[in-house]
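Please read the structure below before turning to the comments.
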Amino acid sequence: MTNDLITDANGIAALCARLDASERVGLDTEFHAERSYAPRLMVLQLALPGYTAIVDPLAPGIDLQPLVAALERVTVVGHALQSDLKIFAERFGCVPPKLFDTQVAASFLGYGMQISLADLVRDLVGIRLAKTQTVSDWSTRPLSEKQMEYLVDDVVHLLPMHALLQQRLAERGRASWCEQECIALAQPEKYRFDLRRAYMKIPGAVRMNRRELGVLAQVVAERDAIAKERDIPPKFVVPDDVVGGIAQLRPKHLEDLAQLRRLESNARRNFGARFLAAVERGEAIPDDELPERPHRPLGADRETLATLLGVAVGEAAREAGLPQGLLVTRAALERAAREAPGSAEELAELLGLSAWRTALVVEPLWRLLSGETRIVVEGYAKGEPKVTLVS
């Protein structure tokens, strides 16, 4: 096994030549996200048969763009890829189009949705990874010997696992299911921050009227702009509860901001004028263009209905040997309970599931909703309770 540390243009060019001669590559990244607006890429690891490359994005003058282009021509294999792909989308504006996520594949084979790389390597390859550097500071240079070993371990087993998982998926008839999920992972829009809907995540938004929400949306957007300019997390500008407080207070003068107990004096001094301008923009939004209100919590009856739908999904998941969370989200079930579709076709359209999910869950959900089946608990007295759907 050859391991190279790539720190210059010549190393990138040689690595790209290796990629052009390959069909697939294992990939992982190390990044820091605690104190910046977007995650900062610290290390990029790549594995090819008999070879691993540790690429240093912090090396002076290094240009990763040729490497990003080369990765678009091969199948990228990784574990729990969403965080890695978010960095690609934010830093390079693109995502490798051909992906295989070993965690996703494992979820179709009975491993659950969150199996770790170490556990999957142990089960499939029979090797225990020494995860001693999980909280390492990846910004330090030079990288230590132990850090290098850790970085290699994180990618070197991906390609062997890829082959094993593909074989098992084919045997279970689930290769196309995994392929559909990986295609969805490769859509760049999945990783774009939707600033237009960010106001819905602020605590208390559900209780605000539409005018307050219009102000809130503008204040959230202004906070995001400040955070981006300063390369800090938005909560470092002002916390979420203060943003909500500004929207409800709707201040007109800097002195009004003093009423917000958690808005510190330096934040009032540095950002107060900008927040006042954001409030003014929110006040000027025409009534018919104000943001929609977030859905209020379900009432008791519809909350119960969503829970019962979850039971039906759980039964479908049990029969298929899949994690329940892989099939339908709780939010989708709440949407079905709230909007009460009138047919199986309308239910399928409302849920908006992929083809394989639709085939597994829409019929049992509709049969429950239409009264054709009921939920029964069996074996409780014997200490072996089992929930089933019966006609």
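We did not get these values from a lab; they are worked out from the coordinates using the rules stated. Treat the numbers as computed from the prediction; the structure is a model and nothing was measured. With ideal geometry, Cβ positions are generated from the backbone for all residues, glycine too; neighbour counts draw on all protein chains shown.
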Of the candidates Ala284, Ser370, Leu257, the farthest towards the positive dipole end of the chain (Lys/Arg Cβ +1, Asp/Glu Cβ -1, centred on the Cα centre) is Leu257
What do you get for trypsin sites (Lys or Arg not before Pro) in the range 176-205 restricted to DSSP loop and a cutoff of at most 16 other Cβ within 10 Å of the site's Cβ? Arg192
Computed Rg/Rh of the range 195-289, alpha carbon atoms with Kirkwood Rh: 0.93
Can you give the Kirkwood hydrodynamic radius of the range 2-191 from its Cα pairs, in Å with one decimal? 16.9
Of the residues Ile232, Asn10, Ala105, the Cα lying farthest along the dipole of the chain towards its positive end, which is defined by charges on the beta carbon of Lys, Arg, Asp and Glu, belongs to Ile232
Taking +1 at the Cβ of each Lys and Arg and -1 at the Cβ of each Asp and Glu, which of Gly379, Leu44, Val219 sits farthest along the dipole of the chain towards its positive end, judged by Cα position relative to the Cα centre? Val219
Report the convex hull volume per residue for the range 100-192, counting only C-alpha atoms, in Å³. 120
Convex hull around the C-alpha positions of the range 300-390: the volume in Å³ per residue is 101
For the range 26-74, the dipole about the Cα centre with charges only on Cβ (Lys and Arg +1, Asp and Glu -1), to the nearest 20 debye, works out at 60
I want to verify a result. In a Gaussian network model of the chain, Cα cutoff 10 Å, which of these has the top mean-square fluctuation: Glu292, Glu319, Glu378? Glu378
Take a quick pass over the chain and tell me how many lysine pairs come in under 29 angstrom between Cα atoms, counting only ones 8 or more apart or on separate chains. 18
Under 15 Å from a label point 7 Å along Cα→Cβ of Arg172: give me every residue in the range 85-107 with its amide N that close. 101-107
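R0 = 35 Å: FRET efficiency of Thr132 with Arg196, Cβ-based, nearest 0.05? It would help to have the intermediate numbers written out before the result.
Numbers: r = 43 Å, r/R0 = 1.23.
With a Förster radius of 35 Å, E is 0.25.
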For the range 51-134, the Cα-Cα pair-distance distribution in 5 Å bins from 0, as whole percents, is 3, 11, 18, 22, 18, 15, 9, 2, 1, 0
Given only helices, namely DSSP H runs of n ≥ 4 each adding -39500 (n - 2.57), what is the per-residue ellipticity at 222 nm of the chain, to the nearest 500 deg cm²/dmol? -15000 deg cm²/dmol
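Rounded, prolate or oblate: which one fits the range 87-138, using the alpha carbon gyration tensor with axes a ≥ b ≥ c (rounded when a/c is under 1.5, else prolate when a/b beats b/c, else oblate)? Mind dumping the intermediate values first?
Values: a/c = 2.66, a/b = 1.26, b/c = 2.12.
In terms of gyration-tensor shape, oblate.
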Sort all Cα-Cα distances of the chain into consecutive 10 angstrom bins from zero, then give the percent of pairs in each bin up to the one containing the longest distance. 4, 18, 22, 23, 21, 11, 1, 0
So, in nm, how far is label Glu372 from label Lys228 when the simple model puts each one 7 Å beyond its Cα toward the Cβ? 4.9
Give me the dipole magnitude in Debye, nearest 20, for the chain about the Cα centre, with unit charges on the beta carbon: positive for Lys and Arg, negative for Asp and Glu. 840
Quick one: which residues, 5+ away or cross-chain, put their amide H under 5 Å from the amide H of Phe31? H built at 1.01 Å from N. Met42
Assigned charges on the beta-carbon of Lys, Arg, Asp, Glu; the range 76-142 dipole about Cα centre (debye): 140
